[in-house]
Amino acid sequence: MPETQPITVACKLEVSNTLAKEIEDTLLVFATSCDWVNQNTPNKMTNKTAMQSLVYKNVRTNFGLSANLAIQAVRR
């Protein structure tokens with residue numbers, strides 16, 4: 001079986017001002033939710049599953065993030 005090599009592509013997106021604002025707002029809410037998770041979980045907690053059980057619902061409710069973004073915020 002031939003070995004595969006990952007390829008990374010960098011590109012710039014051209015989006016409308018409205019979509020750019022939505023993206024920026026989402027990034028701000030995501031960052032704020034990451035800070036909230038950090039402040040509301042025990043410092044020594046390293047188990048991602050336990051952390052998710054502790055704060056996932058609050059992140060979804062308080063910040064209105066999608067399920068995927070909420071999980072990423074908890075893991076970050």
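The values are calculated or read from the model by the stated rules, or taken from the named source; none is laboratory data. Bear in mind that the values here come from a model prediction, so they are computed numbers and not experimental data. FYI the Cβ positions are ideal-geometry reconstructions off the backbone, even for glycines, and counts take in every protein chain you see. We work out accessible area using only protein heavy atoms, side chains counted, and drop any ligands, DNA or RNA first. Shrake-Rupley method; radii C 1.70, N 1.55, O 1.52, S 1.80 Å.
For Lys21, indicate whether it is out of contact with any helix residue (DSSP H, G or I) (no Cβ under 9 Å at 6 or more places or on another chain) and either of a type in the set (Lys, Arg) or modelled with pLDDT of 95 or more (or both).
On the way: out of contact with any helix residue (DSSP H, G or I) (no Cβ under 9 Å at 6 or more places or on another chain): yes; either of a type in the set (Lys, Arg) or modelled with pLDDT of 95 or more (or both): yes.
Yes, satisfied.
Could you check region 1-45 and list, in sequence order, the residues that are closer than 19 Å to Val74 by Cα, open to solvent by 100 Å² or more (accessible area, probe 1.4 Å) and not in a loop (DSSP other than H, G, I, E, B)? Those that are closer than 19 Å to Val74 by Cα, open to solvent by 100 Å² or more (accessible area, probe 1.4 Å) and not in a loop (DSSP other than H, G, I, E, B): Leu27, Leu28, Asn38, Gln39.
Inspection of region 46-63 identifies at least one residue that is outside any helix (DSSP H, G or I) and at pLDDT below 95.
How many residues are open to solvent by 50 Å² or more (accessible area, probe 1.4 Å) and part of a helix (DSSP H, G or I) if we restrict to region 64-76?
Residues in region 64-76 being open to solvent by 50 Å² or more (accessible area, probe 1.4 Å) and part of a helix (DSSP H, G or I): 4 in total.
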